[in-house]
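Each remark here refers to the structure printed beneath this line.
The values are calculated or read from the model by the stated rules, or taken from the named source; none is laboratory data. Source: prediction; values computed, not measured. With ideal geometry, Cβ positions are generated from the backbone for all residues, glycine too; neighbour counts draw on all protein chains shown. Side chains are part of the model used for accessible areas, which takes the heavy atoms of the whole protein and leaves out ligands, DNA and RNA. Shrake-Rupley method; radii C 1.70, N 1.55, O 1.52, S 1.80 Å.
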Amino acid sequence: MIIGDFETFYAETRSFSIFFLRGRITGVGTAYAKVNFSMSMYIEHNQIFVFLGLWLLIFLLPAFQSLFTQWMEVRADHLGATLLDGGNAQMANSLTILCEYQDRALEKSVGYHIDFKNEQEANKKDKKISSLERDSWFFRFLEFQFMPHPPMYWRVHALQTTETEWSIRKIKLWWCSRFRESLPN
């Protein structure tokens, strides 16, 4: 019975003294070659499961990261509102002002990248960029499930419609609202 591949066996017999010392110090011996070979055989025989497992991991990691970073952002909004004299209303007003200035800066930066012909077409469309308006359900789904920050319109709405203190009830409300906003209209 062959245990391990030829290159591993040849490399270990060439450096027998190092191999002997490693076996004496760690008590491992040739177990590394056996484990390495059995793992490669497992991957070779279960390629579909390994592929699906890695794909699922690659897909779910950004979703979990988005969940936690958005939770921290919303929590920071509400806890910051407790420090203000105006509470949630003042924080919502501040976020609205910040959003308006951000939208103006975005329009200005887009204007630098448009040539004369495209500028005329853009003026005909006259579509104004606004982060305070609700997008289509697909973009909402992407923002709520994969982006690190929740949409600004939702953050402002959450501040305007809930009480000031942070509680388990507010976390449940945020979780349900996040799920509802991700669904089609």
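For an R0 of 30 angstrom, estimate the FRET efficiency from the Cβ-Cβ distance between Glu73 and Ile97 and round to the nearest 0.05.
Computed FRET efficiency for Glu73 and Ile97 comes out at 0.95.
Considering only protein heavy atoms, what is the solvent-accessible area of Ser130 at a probe of 1.4 Å, reported in Å² to the nearest 10?
Solvent-accessible area, nearest 10 Å²: 40 Å².
What does the charge count near Leu173 come to, summing +1 for each Lys or Arg and -1 for each Asp or Glu among other residues with Cβ under 13 Å from its Cβ?
+3
What does the charge add up to near Ser130, with Lys and Arg as +1, Asp and Glu as -1, over the other residues with Cβ less than 9 Å from its Cβ?
-2
If I model region 129-185 as equal point scatterers sitting on the Cα atoms and use the Debye formula, what is log10 I(q)/I(0) at q = 0.19 Å⁻¹?
-0.69
Roughly how many Å² of Cys176 are accessible to a 1.4 Å probe, to the nearest 10?
Approximately 60 Å² for this residue.
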